[in-house]
1. Carbon and sulfur together cover what percent of the accessible area of the chain at a 1.4 Å probe radius?
2. For the chain, compute Rg over Rh where Rg is the Cα radius of gyration and Rh is the Kirkwood radius from the inverse mean 1/r over Cα pairs.
3. For Lys1 and Gln34, calculate 0.36 nm times their separation in residues minus their Cα-Cα distance, and state this gained length in nm to one decimal.
Amino acid sequence: KVKTGSGDKVFGSVSPKQIKDELEKMGYKIDKKQIELDYSLSSLGFHDVDIELHKKVVATIKIELKK
């Protein structure tokens, strides 16, 4: 969940550290350097985020930003 302002715009944007913290709550140990964000997550809805598990292994997770 994120805080939003008028027009459902997210205050600031979601950082790799915030994603890492939420994944740790679920039991996953990921370094924030492994999280690849091609664009800032600043709108509600679903977003695909790549996580580099190994040089040749990249996992894509779906993140939902909601109020």
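1. 51 percent
2. For the chain, the value is 0.99.
3. Gain on stretching Lys1 to Gln34: 9.7 nm.
The values are calculated or read from the model by the stated rules, or taken from the named source; none is laboratory data. Here the structure is a predicted model, which means the values were calculated and not measured. Heavy atoms of the whole protein, side chains included, go into the accessibility calculation; ligands, DNA and RNA do not. Shrake-Rupley method; radii C 1.70, N 1.55, O 1.52, S 1.80 Å.
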